[in-house]
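K.L.:
Pasting a structure here, questions to come.
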Amino acid sequence: MLISDGARNPPAGSLSTLDLSRDSLPELRAGALGVRIAENKAEREAAQALRYRVFFEEMGAHPSAAALKSRRDVDDFDDIADHLLVIDHDISSGAEGVVGTYRLLRSDAAAKIGRFYTSGEYDISVLTDFPGRLLEVGRSCVDQRYRGRAAMQLLWRGIASYIFLHRIDVLFGCASLPGTDPSTKAQELTYLYHNHLAPPALRIRALPERYVSMQLTDPHSLDHRKCLARLPPLIKGYLRLGGFVGDGAVVDAQFNTTDIAVLVKSELLADKYYRHYERRLRDALE
């Protein structure tokens, strides 16, 4: 298992010692906003519609004929994944209130179709060959009107409690930089490779036919502060949690992005994020 001895034997009274017997997460609230798992088809479709608006209408991704007709971003993984939702209860407590989403795919769910989404871009065998429980995260987006601190914090709180509930060992997935010309992100990619590359036991690598080197400029010439500032907020969030990146970038022409692989060991997320919300999460889970 990819967990430390401290995670196996947490101190008494910590969140990981709770008896998490329920099958789903309680909703976590911050004012009018709440975060929880989608409970029905209408809420899943609301998440897909939000993804379409953000990815295709706003960020310039290229929809298939089916996506263009349905105005939803849908793929083979949606039916087997859990969909984490941010809901604005001032609008609605159901599908109409969905303003943020994150797709969560556990190992046992991915086994139903024999693959993870990330495996279309990266060789993830160093993870899938390991006995620990995996959680793939992806398709993250927030409605433009809600792109402040509150919605993203709620999504992280939801992911953190989901990790405890399902006893996840490693969180991973693809994260995106805008545009399909990696040379325009040479400094950011070089910075990530030389400062946040995953250790060999976790170092997934872009598939040979899709591999783009991240070493695109002289690492000694980089202004680390500027490189970090130019990274998308989601990638900076992973790094703040002690996350790593895989070896190699991948150009995703359909989504108009340059992708990198990100990984976070669950005890890092617990140590650096859960601590802040421990009392509130304890109350919610009891």
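Read-outs throughout are calculated quantities, based only on the coordinates presented, and are distinct from any laboratory measurement. From a predicted model like this one, the values you see are computed outputs, not experimental measurements. Here the Cβ positions follow ideal geometry from the backbone for every residue, glycine too, while neighbour counts run over all protein chains shown.
K.L.:
Quick one: of Lys41/Lys69; Lys69/Lys185; Lys69/Lys236; Lys236/Lys265, which pairs are farther than 26 Å apart, Cα to Cα?
P.N.:
Beyond 26 Å between Cα atoms: Lys69/Lys185; Lys69/Lys236.
K.L.:
Scattering from the C-alpha atoms of the range 36-76 alone, worked out with Debye: what is log10 I(q)/I(0) at q = 0.15, 0.21, 0.29, 0.31 1/Å?
P.N.:
Ignoring solvent entirely, the Cα scatterers give -0.34, -0.62, -0.97, -1.05.
K.L.:
If I model a spin label as a point 7 Å beyond the Cα along the Cα-Cβ vector, how far apart are those points for Val212 and Thr128 in nm?
P.N.:
Going by the 7 Å Cα→Cβ label model, 2.4 nm.
K.L.:
I've got another one for you. Need the C-alpha centroid separation for the range 70-112 versus the range 227-258, integer Å.
P.N.:
21
K.L.:
While we're on this one: Modelling each spin label as a point 7 Å along the Cα-to-Cβ direction, I'd like the Arg145/Arg240 distance in nm, to one decimal.
P.N.:
2.5
K.L.:
List the residues, sorted by chain then number, that are 5 or more residues from Thr257 or on another chain and whose placed amide H is less than 5 Å from its amide H.
P.N.:
Gly179, Asp252
K.L.:
Moving to a separate point now. Compute the Cα gyration tensor for the range 40-157, then decide on rounded, prolate or oblate, letting a ≥ b ≥ c be the square roots of its eigenvalues: rounded whenever a/c is under 1.5, prolate when a/b is larger than b/c in the other cases, and oblate in all that remain.
P.N.:
prolate
K.L.:
List Arg71, Arg203, Arg103 from most exposed to least, where exposure is judged by having the fewest other Cβ atoms within 10 Å.
P.N.:
Arg71, Arg203, Arg103
K.L.:
Each residue of the range 212-220 in turn: what ³J(HN,Hα) in whole Hz from Karplus with 6.51, -1.76, 1.60 and θ = phi - 60°, glycine and Pro shown as x?
P.N.:
For the range 212-220, the Karplus-derived couplings read 10, 4, 8, 8, 10, 7, 5, x, 6 Hz, x marking Gly and Pro.
K.L.:
How far is it, in nm, from the label point at Ile113 to the one at Ile91 when both lie 7 Å from their Cα along the line to the Cβ?
P.N.:
2.6
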